[in-house]
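Comments concern the structure below.
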Amino acid sequence: IGRLNWPAKWPFKSGRRPAGQSWPPPNTNLKGYVHNICLDPYGFLLMSEIQIKIWKKVSLNNPIWYFDATGSVHKDIYRQNKPLLYSIVVHDRENKQILPVAEFITTDQSVKSISSYLHNIDYNLRD
């Protein structure tokens, strides 16, 4: 997946995280690819600098996210709901391509959890 750019010691199972909180905290110095890891409920956000640059370019002509989820791409996790892969893509009309902007996998399909991931993605994509 990618190399972690921060120390791998954090309280994964210290209870469910409140909405909007994740580890590491979101910041404007997005580095690497894996972000916002959580074990209970299991989930992680995947974004990179190149995806942010793609969004900034494509959003000038077509500022619309297309959002979808699918199963069967991640192994089941013991004692948790089925993990789903959520993808956000954009349509680059100029180059006639569909391009990924962000993905996340989670076992928590609640509105609160999905909203938290979307909020973090939106935060990282803003100027």
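The values are calculated or read from the model by the stated rules, or taken from the named source; none is laboratory data. Keep in mind that what you see is a predicted model, and the values were worked out from it rather than measured. Cβ coordinates were reconstructed from backbone atoms using ideal geometry, including for glycine residues, and neighbour counts include every protein chain displayed. Side chains included, ligands, DNA and RNA excluded: accessible areas come from the protein's heavy atoms. Shrake-Rupley method; radii C 1.70, N 1.55, O 1.52, S 1.80 Å.
Of all residues in the stretch 76-115, those being farther than 14 Å from residue 42 by Cβ, in contact (Cβ under 8 Å) with a residue 40 or more places away in the chain and surrounded by 12 or more Cβ atoms within 10 Å (Cβ to Cβ) number 6. As a summary of the residue check, residue 72 satisfies the conditions (1) under 21 Å from residue 38 (Cβ atoms); (2) loosely packed, with under 11 Cβ neighbours inside 10 Å except for the one numbered (1). Of all residues in the stretch 116-127, which are open to solvent by less than 70 Å² (accessible area, probe 1.4 Å) and aromatic (Phe, Trp, Tyr)? Answer for the stretch 116-127, where residues must be open to solvent by less than 70 Å² (accessible area, probe 1.4 Å) and aromatic (Phe, Trp, Tyr): just 117. Would you mind stating whether residue 58 is open to solvent by 30 Å² or more (accessible area, probe 1.4 Å) and in contact (Cβ under 8 Å) with a residue 24 or more places away in the chain? The answer is no for residue 58. Within the stretch 33-55, restricting attention to residues that are charged (D, E, K, R) and farther than 18 Å from residue 113 by Cβ, the residue that is surrounded by the fewest Cβ atoms within 10 Å (Cβ to Cβ) is 53.
The strands (runs of 3 or more DSSP E) falling completely within the stretch 16-80 that include 3 or more residues that are modelled with pLDDT of 85 or more map to 42-46, 66-70.
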